[in-house]
Amino acid sequence: MANIVYKKDDKLIFQPYVIKEIGGIRVAILGLGYIQEEHPSSKLLKLLDPIIVAKKYIPILRDKSDIIIALTHIGIGADFLADETLIPINNKIKDDEDVTQLLKPYSDKLSEVLFTSKVAITKKEMGNLIAEAVRSQTGSDIAMLDIESVQNGIKEGDVTLAKIYAIHPWRNRLLMFELTGEQIKRALSEKDAIVSGFNYRNTKFL
């Protein structure tokens, strides 16, 4: 990951790129990522502009490789702006038939319609529903979910397995603690959350 560094000294946390030889072809893979700098878990980290960082590394990688792949999680708008000679992987690139066949069992499964919703459920409503479900299933007094854990609601109409996975695409674990009211207040003062079992003013989950 080439564009995430420590705040204190700008040193890299991860290796910025790797070079693999595949079938006699040298392939360079440059990692560009994203973090929420305001998140408590990122307080020691700094996010550098991925385009500036990519322009720094691309000349280096050209000398060392035959193909450069930018492995990114920086948003579609920023992808491949680093150098106009890079080839974006988008819907203009023809599908590889072998890869399509390899993925077909999975794509077919994800396209399976599980049920039909007569109403739309917003992201906020879905977050509240999941928090209630967590509290109910665990038998806890309250439940708190990371504000970013619920990514989507569902629209009215057919709901596929893919759409269900899109609601909560992470592999988060449920943890149970016995906390005092003061500890709960302190946790919520540092990190906004989706909650069940109590009310508080939530400023981010809109």
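At 222 nm, what value in deg cm²/dmol follows for the chain if DSSP H runs of at least 4 each add -39500 (n - 2.57) and the sum is divided by all its residues, to the nearest 500? Before the final figure, lay out the partial values.
Numbers: 5 runs with 62 residues, N = 206.
Helix-only estimate at 222 nm: -9500 deg cm²/dmol.
Where in the stretch 19-57 does the label zone of LYS8 land, with the point 7 angstrom along Cα→C-beta and an amide N cut-off under 17 Å? Counting only backbone N, you get 41-47.
Output the peptides 166-176, 2-12 sorted from most to least packed, where packing is the average of other Cβ atoms within 10 Å over each peptide's residues. Numbers along the way, then the final one.
Numbers: 166-176: 10.5, 2-12: 14.1.
Taking the mean over residues of other Cβ atoms within 10 Å, the ranking is 2-12, 166-176.
Translational diffusion coefficient of the stretch 1-81 at 37 °C, 0.692 mPa s, Stokes-Einstein with Kirkwood Rh over Cα pairs, in µm²/s as a whole number. Translational D for this selection: 246 µm²/s. Compared with the direct C-alpha span, the chain from ASP158 to SER107 gains 16.7 nm at full extension, assuming 0.36 nm per residue.
Want the number for GLU97 to VAL27: 0.36 nm per residue separation, take away the alpha-carbon distance, what's left? Let's see the in-between values first.
Numbers: separation 70, 0.36 × 70 = 25.20 nm, distance 2.21 nm.
Gain on extension, GLU97 to VAL27, equals 23.0 nm.
Computed from the Cα positions only, the extents of the chain along the three principal axes stand at 59, 48, 26 Å, in decreasing order. The label-point distance for GLU178 and LYS46, in a model that sets each label 7 Å from Cα toward Cβ, rounds to 4.4 nm. Over the stretch 1-46, the alpha carbon radius of gyration divided by the compact-protein estimate 2.2 N^0.38 Å works out to 1.48.
Pairs exceeding 30 Å between alpha-carbon atoms, taken from LYS94/LYS124; LYS55/LYS155; LYS20/LYS55; LYS8/LYS123; LYS20/LYS123; LYS8/LYS163: LYS94/LYS124; LYS55/LYS155; LYS8/LYS123; LYS20/LYS123; LYS8/LYS163. Taking only the alpha carbons of the stretch 113-196, we obtain Rg and Dmax values of 14.4, 45 Å in that order.
Laboratory data are not the source of any read-out in this text; all were calculated from the coordinates shown. Worth saying up front: this structure is predicted, and the values here are computed from it rather than measured. Cβ sites come from the backbone with ideal geometry, for glycine too, and all protein chains shown count toward neighbours.
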